[in-house]
Amino acid sequence: MDRNQIKTTCLINNYNYAEFVSEAINSALNQTVEFDEIIIVDDASTDNSAEVIVKFTQLANVKSIFKEKNQGQLSSFNEGFLAATGDIIFFLDADDIYEPQYLETALDFYNRHSECDFTFCAYKKFGAVEGTFQTDAVDLDLGYSVIRTLYTGEWIGSITSTLSIRRDIIRKFLPIPNIEDWRVRADDCLIWGASLVGAKKFYMAKPLVMYRIHQNNQYHNNKFLGIDNNYEYKRFWKRNSLFNYILQKNNFSLPLLLAYTSLNELKTIPCPKLENFISYLKIIFLFEPSLFWKTKGIVLLFSYFLITLMRVQLKTAISNAKFWINARHFAPWKKLQDRA
């Protein structure tokens, strides 16, 4: 599908970020490729956010939703998604900023990887903390992650403003009713939800988002500064409730042959890393009920690991051989140039 045929929505969620929200909106407006629609959901802000936002609604592709009651970030995602018409939804927190080429780069990526359902990209921190955060130095096909998410709660994604998801995937889990559980850090719902309903995930290594760090940034402060010692414990129970809802909504059941399904899911990652093998090994060892399939699954997993390892070593050897061959051919020419 050509990028001009893909309809795009930018969903901006805001609560009391009047000092930042205009920058976020302008960053979505000033893309090298235009968003088809920009939807700003204001979660009943008590500052002058409404005054700032309403000025932008005069533009044809900007819509706004002003909620009467403050209900948190997940509620804003729900409302925004129900109003959105895009084939791909791009999420943006009101205190963050898109780089001008973000949408163009992302659409090119979706066109080159037609099987892609979900992307997240590297980002730059600015404000109270500065630096670049990259999961990896190169783009990655992360495959499917239903089993890893379901059994170990693996979190395969990044902050809200780096996320984009196909509409066909989001509609399988949004709207989510338990909004009180996710007043903050509702990107968990997007990341876990997409994995559970079978999204094929990709990572873009280019930092295309500016992530603002400031004193009111609840995710950064809670997660990295450890203000709430009970945070992860509470999050575990919220996660269980979320998973139960998504599984019931989609009529999903646990796989009968967990070891077999786990191995097949691992094979959807073109270049699996050691941590991927360890993750699936734990799942098979801990959760496969059949001793026969547990043993067989572990043997098959180790066999696949050895095959993958040999494949990597072979590619490295071929690459090194090409380098030395090219170097030997180039050396005589270099000597002639030096003499000249």
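Dipole of segment 1-50, Cα-centred, from +1 at each Lys and Arg C-beta and -1 at each Asp and Glu C-beta, to the nearest 20 debye?
For this selection, approximately 180 debye.
What GluC sites (Glu not before Pro) in segment 71-137 are in a loop by DSSP, with at most 11 other Cβ atoms within 10 Å of the Cβ? Kindly include the intermediate steps, with their values, before the conclusion.
Details: sites: GLU79, GLU104, GLU115, GLU130; in loops: GLU115, GLU130.
Loop-located and lightly packed - GLU115, GLU130.
Which of the following values of Kirkwood radius over Cα pairs in Å was calculated from the structure shown: (i) 22.1; (ii) 21.4; (iii) 20.7?
(i)
Modelling each spin label as a point 7 Å along the Cα-to-Cβ direction, I'd like the ASN70/THR57 distance in nm, to one decimal.
2.0
Which entries of LYS200/LYS267; LYS125/LYS267; LYS201/LYS296 show an alpha-carbon separation above 23 angstrom in the structure shown? Walk me through the numbers before you get to the answer.
Working: LYS200/LYS267 13 Å; LYS125/LYS267 34 Å; LYS201/LYS296 28 Å.
Those over the limit are LYS125/LYS267; LYS201/LYS296.
Can you give me the C-alpha center-to-center distance between segment 224-284 and segment 184-218, rounded to a whole angstrom?
Segment 224-284 and segment 184-218 have Cα centres separated by 16 Å.
At a Förster radius of 41 Å, what calculated FRET efficiency corresponds to the Cβ-Cβ distance of LYS7 and LEU291, to the nearest 0.05? Kindly include the intermediate steps, with their values, before the conclusion.
Working: r = 51 Å, r/R0 = 1.24.
The computed FRET efficiency comes out at 0.20.
For the pair ALA83/GLU34, report the inter-label distance in nm, with labels modelled 7 Å from Cα in the Cβ direction.
Placing both labels 7 Å beyond Cα along the Cβ direction yields 2.0 nm.
Taking each full run of DSSP H in the chain as one helix, which ones are at least 18 Å long along their axis (Cα atoms) and have mean Kyte-Doolittle hydropathy of at least 0.5?
Once both thresholds are applied, what remains is 274-287.
Under the classification rounded if a/c is under 1.5, otherwise prolate if a/b is larger than b/c and oblate if not, where does segment 9-86 fall, given a ≥ b ≥ c as square roots of the Cα gyration tensor eigenvalues? Show your work: numbers first, answer last.
Working: a/c = 1.92, a/b = 1.26, b/c = 1.52.
Taking the square roots of the gyration eigenvalues as a ≥ b ≥ c, segment 9-86 is oblate.
Per DSSP H run of at least 4 residues, take -39500 (n - 2.57); add these up for the chain, divide by its residues and hand me the 222 nm value, nearest 500 deg cm²/dmol.
Numbers: 12 runs with 160 residues, N = 340.
It lands at -15000 deg cm²/dmol.
Once you put a point 7 Å from the Cα of THR268 and another 7 Å from the Cα of THR132, both along the Cβ direction, what distance in nm separates them?
Once both label points are built, they end up 3.0 nm from each other.
Which one of GLN31, GLN248, GLN134 has the biggest mean-square fluctuation once the chain is modelled by GNM with Cα springs under 10 Å?
GLN248
Suppose R0 equals 22 Å; then what is the FRET efficiency for SER114 and ARG167 from their Cβ-Cβ distance, rounded to the nearest 0.05?
Working: r = 15 Å, r/R0 = 0.69.
It comes out at approximately 0.90.
We did not get these values from a lab; they are worked out from the coordinates using the rules stated. This one's a predicted model, so the numbers in the text were calculated from it and none came from an experiment. Here Cβ is always computed from backbone atoms with ideal geometry, including for glycine, and neighbour counts include all displayed protein chains.
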